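Presented below is the structure to which this report refers.
The values are calculated or read from the model by the stated rules, or taken from the named source; none is laboratory data. All values reported here derive from a predicted model rather than from experimental measurement. Cβ: placed from backbone, ideal geometry, glycine included. Neighbour counts: every protein chain shown.
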Amino acid sequence: MILPNFNDFPRVGRIIGIDWGARRTGVAVSDASREFVFVRPPIIARQGGASVARQIADLARAENAVGIVFGLPLHVDGTLSETTGAVRACAAELCTYTDLPIAFIDETLTSAAAQEKLGKVRVSDIKRELDSESARVILENAIAVMGRLHN
């Protein structure tokens, strides 16, 4: 189920952060205490393969997740981007595979923060690692928001 905000999001347990991409979708997972966030290999969209939403649902089951957070691509001024609809469509499809709560958080500037964290690396490494590193930033931001709500 898609939630309008984090107010009803589970307060404890592992959660998954998603940085959706047309080709590669970055993935990060928290520990149950939400003190640590770990990147996972990105999900690669493949023709004829399981949909990205299906792969996220499978990962959520394997990780014993209690919720999923998608980074929502918005323009800097807060307006919807060209990709916002595709992210929302993936989340809606995900609802057909799982009943876990799903929430969105603005992902503005997460790629820049992720690239800064990666430092100076080769372009091929950036392509391979940036999406899941961005998912880590998305998830850490969501955990921070949840922490402020529940304190």
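Across region 26-65, which residue is farthest from Thr98 (Cα to Cα) among those that are modelled with pLDDT of 95 or more, polar (S, T, N, Q) and not in a helix (DSSP H, G or I)?
Checking each candidate, the answer is Ser33.
What pairs come out if I take residues in region 75-95 that are without any contact (Cβ under 8 Å) to a residue 60 or more places away in the chain and over 19 Å from Ala135 (Cα atoms) and pair them with residues that are exposed (fewer than 12 other Cβ atoms within 10 Å of the Cβ) and of a type outside the set (Gly, Ala, Ser) whose C-beta lies under 8 Å away, six or more apart or interchain?
Pairs found: none.
Mind counting the residues in region 16-37 that are more than 17 Å from Val87 (Cβ to Cβ) and under 12 Å from the mean Cα position of the chain (by Cα)?
Total meeting the criteria: 3.
With the structure loaded, tell me whether Leu80 is touching a strand residue (DSSP E or B) at 6+ places or on another chain (Cβ under 8 Å), within 20 Å of Val145 (Cα to Cα), at pLDDT below 95 and surrounded by fewer than 22 Cβ atoms within 10 Å (Cβ to Cβ) or whether it fails that test.
Criteria not met by Leu80.
So the check is Cβ under 7 Å with 6+ separation or different chains; which pairs have a first residue in region 27-55 that's among the charged types (D, E, K, R) and a second one that's surrounded by 19 or more Cβ atoms within 10 Å (Cβ to Cβ) and modelled with pLDDT under 95?
Arg40/Ser132
Here are some residues: Glu133, Glu116. Which one is over 25 Å from Met1 (Cβ atoms), at pLDDT below 55, in a helix (DSSP H, G or I) and charged (D, E, K, R)?
Answer to the check: Glu116.
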